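Have a look at the structure below, then the notes.
The values are calculated or read from the model by the stated rules, or taken from the named source; none is laboratory data. Quick caveat: nothing in here was measured; it's all calculated off a predicted structure. Note: ideal-geometry Cβ built from the backbone for every residue, glycine included; neighbour counts use all protein chains shown. Protein only, heavy atoms only, side chains kept; ligands, DNA and RNA dropped before computing areas. Shrake-Rupley method; radii C 1.70, N 1.55, O 1.52, S 1.80 Å.
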Amino acid sequence: MKANPDDLLVLLAVSRSAKYTTAAQALGLNHTTVSRRIAALEKALGGRVLARATGGWELTDLGARAVQVAEQVEAVVGTLGAAGKAPDPITGVVRMTATDGFSAYIAAPAVARLRRDHPGLSVEVVTMTRRALQQRSGLDIEVVVGEPQVHRAEAVRLGDYMLGMYASRAYLEEHGTPATVAELNDHPLVYFVDSMLQVDDLDAPRRLVPGMRDGLTSTNVFVHVEATRAGAGIGFLPCFMGDLHDDLVRLLPSEIAELLPYWMVLRPDSLRRPAVAAVVHALREQMAEHREKLLGRSSGN
């Protein structure tokens, strides 16, 4: 039995979202129809194309081969645009995860600029600070801090960023300015919740200044910035975020300067999609354009 091209396109939609319900919405079908189409495809191909995974469905080896064919079908169908006008290949939904700061200051402007030329593109960004996943069904791009240890995925180093100690001018007027690393121990730390921090590379303040007690901790870096500005303590902040605020002063930059890398993790099949490749290129361009700010070289403090 030959595979139905429509069933292949259904599989392609499921592979991109990892969920039947999301694929059904994208295709204008219902969940039952998607399930039936997948079952018909598996019968035609003589094997399973999807397997249960954490958070959804993952392609089997047979499914991955079927998706490659489905992408060819999609590309051919895409050429049937209006007469005399080539269709834009950079369309559809790209799904990614990244840290809060990267999402706001790198991903958001990069995608906004890309969408001006490609309005059919949609990018979903889920913010989180964690290690790279071993099962990434439904995700096209992951941006993580530190070199990831991943299998069946491609890892690409995007570039580096600097973190340093910051305090508000009002806080320093009230509590004094630490002149040495040892004097930082007399001040509360504003940073991540230690027990919830999943990324070893981000443990720098507790390694560099182990005597600092926690003042205000949060899983969100924007809370770190605003808490530091409000005088909750001394914050360990990305320089590209701390340097944006004139009311913050970077402390002991020659002694406390932690350089960390951003890495990008991609599913092997993702880069075959023009939309994913375009987003990847846009992210790399944005990183290069803002390299000096990322490295903390724009501060006048």
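Contact map, segment 96-117: first residue among the hydroxyl-bearing types (Ser, Thr, Tyr), second residue part of a strand (DSSP E or B) and crowded, with 23+ Cβ neighbours inside 10 Å, Cβ cut-off under 6 Å, separation 6 or more or different chains; pairs are Thr97/Glu142. Look at segment 189-213: where a residue is assigned to a loop (DSSP other than H, G, I, E, B) and a partner is among the hydrophobic types (A, V, I, L, M, F, W, C), sitting 6+ places away or on another chain with Cβ atoms under 7 Å, you get Phe192/Leu202; Val199/Val145; Asp203/Leu197; Val209/Val181; Val209/Leu184; Met212/Leu184; Met212/Leu189; Arg213/Leu189.
Listed here are the residues, each with its yes/no results for (1) touching a Pro at 6+ places or on another chain (Cβ under 8 Å); (2) modelled with pLDDT of 85 or more; (3) open to solvent by less than 50 Å² (accessible area, probe 1.4 Å).
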position: Met1; (1), (2), (3): no, no, no
position: Ser17; (1), (2), (3): no, no, yes
position: Gln25; (1), (2), (3): no, no, no
position: Arg48; (1), (2), (3): no, yes, no
position: Arg65; (1), (2), (3): no, no, no
position: Gln72; (1), (2), (3): no, no, no
position: Thr97; (1), (2), (3): no, yes, yes
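A single entry from Leu271, Leu294 fulfils the requirement of being surrounded by fewer than 21 Cβ atoms within 10 Å (Cβ to Cβ) and of a type in the set (A, V, I, L, M, F, W, C): Leu271. Might you check whether a residue that is open to solvent by 40 Å² or more (accessible area, probe 1.4 Å) and without any contact (Cβ under 8 Å) to a residue 40 or more places away in the chain occurs anywhere in segment 227-235? No, segment 227-235 contains no residue that is open to solvent by 40 Å² or more (accessible area, probe 1.4 Å) and without any contact (Cβ under 8 Å) to a residue 40 or more places away in the chain. In the set (1) assigned to a loop (DSSP other than H, G, I, E, B); (2) open to solvent by less than 10 Å² (accessible area, probe 1.4 Å), Leu139 fails one condition alone, (2). Quick one: Val123 ticks every box in (1) buried (at least 21 other Cβ atoms within 10 Å of the Cβ); (2) under 20 Å from Gly296 (Cβ atoms); (3) β-branched (Val, Ile, Thr) bar one, so which box is it? Here Val123 meets the rest and fails (2).
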